Structures are given as structure tokens and as C-alpha cells.
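Before any comments, here is the structure.
What follows draws every value from the coordinates through simple rules; no lab data is involved. In this text the structure is predicted, and so the values were computed from the model without any measurement. Neighbour counts run over all protein chains shown; Cβ positions are idealised from the backbone, glycine included.
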Amino acid sequence: MQHLKNTNGSRSLLIVATALLQACSPTSDSGKKETGQLLTRSQNLANQYGLELKSELQQALANGGPTKAILVCREKAPRIALRISKVSGATISRTSLKSRNPVNAPEDWQLEVLRDFDKQGKIAVDSPPPEFYASAEPGLHGFRYMRAIPTAPLCLTCHGSQLSDDVRNALETHYPHDLAVGYEQGEIRGAFSVSWPLAN
């Protein structure tokens, strides 16, 4: 069962139902409990990743400027994701319709979710970003979660349309295939992704 939460966070919209038999089974109550627990854990992991990365970026901007922040995304962001993944047992990552690093290009299921996120338009500063989650499907995949990343003012320095020469040069050097520019404040420029392995 897959769900997409709208931007006001007040309800979940059912967008695809691919696990109807599972949802109607006698164990649906226990399944719902497990899904709720995994959703909370996934949200916490996405929060942890986002906060740690934001802290590193703010320090880099303060101490070395935007070009230093670009190196944080290139070198430290993958390390943070890998460390959290190893500790939690889930796979934590970032992805986007316009990836800066080809390694972060979306998988097919992530691509579908990102397109749904993109349809919601700009996200207000005081609005929670849209979220997606999908219950585990035996033999196919474990629990999946994604949360959109709106473009904040801080992000425009390296992801906006008015980039300094230093930033452009750094991006050309470190990300020759960069697509993640030209964003405006509030536009969704990607998402955090959390995937859990199938239970044995």
C-alpha cells in the first residue's frame, strides 16, 4: 500500500494500491502497527540526515563560503548517509529529478514519487514538505519512505539561477554533469529516501 501525504500534512492520499490482499488480511492490524513504527523511524532518520547535513553546510558557508559547501555535499553528505544507514539497517539517500551527482539519480519507484511531489508546486516556508510511504510487499520490497526537500534561501547560493563565478567554476570542476540549478525558493529540488530491507 502506497501513500502520499499532502503539503499540509493533515491526511494521506492513497495513490496506488498494489497490496490489496495484504491490507485485507487478518493480520492487517499488526501490519498497520509495524507500518506506523517504520514510518516514524524513517521520518526520524530523514530528520537526522537533514539536520546533520544542514549543520555541516552552515559551518562550511561560514568558514569557507559556497565553494566549501559544495565540497561538503560532494564528500561529507555520502559519508553521513552511509553512517546512518549502517547504524539503522536502512538505506538512506538523497535523489532528485535534476541530480547534481549522477550517482543520486532516482530509481524507477523514486522517479514516480518525485514526479508526484513536483506536481504540488512550491512549498510555503511554514508548510511541512510532502511525504510518501509504501508498506512492504513480500517478495518485492521492504518499507519505503520519501520526504521532499524544498528549496530554502540557503540552497539558492548553489542551486539557484544567479550563481557567482566561483560557484559555477566549482560546480563545473566537481559536478561536470550537474543538473541541479535554476531553482526558485519553495520549489522541490529532491527528496530524502529511506528504504528498509525485506524481513526474513
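Stokes-Einstein diffusion coefficient for the chain at 10 °C in a medium of 1.306 mPa s, Rh from the Kirkwood formula over Cα pairs: what value in µm²/s?
Working: Rh = 17.8 Å.
Calculated translational D: 89 µm²/s.
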Which lysines does Lys32 reach when only Cα atoms under 22 Å apart count, and residues fewer than 8 places away in its own chain are ignored?
Lys5
Applying a 10 Å radius around every beta-carbon, put 131-141, 77-87 in order of their mean neighbour count, most first.
131-141, 77-87
Points 7 angstrom from Cα along the Cβ direction at Ser127 and Asp166: gap in nanometres?
3.5 nm
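Helix-only mean residue ellipticity at 222 nm, the chain, DSSP H runs n ≥ 4 weighted -39,500 (n - 2.57), per residue, nearest 500. What is it? Show your work: numbers first, answer last.
Values: 7 runs with 85 residues, N = 200.
Taken over the chain, the calculation gives -13000 deg cm²/dmol.
Give the relative contact order (percent, whole number) for the range 34-195; include only Cα pairs under 8 Å separated by 6+ residues.
On the way: 231 pairs, mean separation 47.0, N = 162.
With pairs under 8 Å counted, the relative contact order is 29 percent.
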Using the Kirkwood radius over Cα pairs, work out the Stokes-Einstein diffusion coefficient for the range 111-184 at 20 °C and 1.002 mPa s, in µm²/s as a whole number.
145 µm²/s
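Pairs on different chains or at least eight residues apart, Cα atoms closer than 15 Å: how many lysine pairs in the range 34-195 fit? If you can, show how the numbers build up before the last one.
Working: Lys54/Lys68; Lys54/Lys76; Lys68/Lys76; Lys98/Lys119.
For the range 34-195, the number of qualifying lysine pairs is 4.
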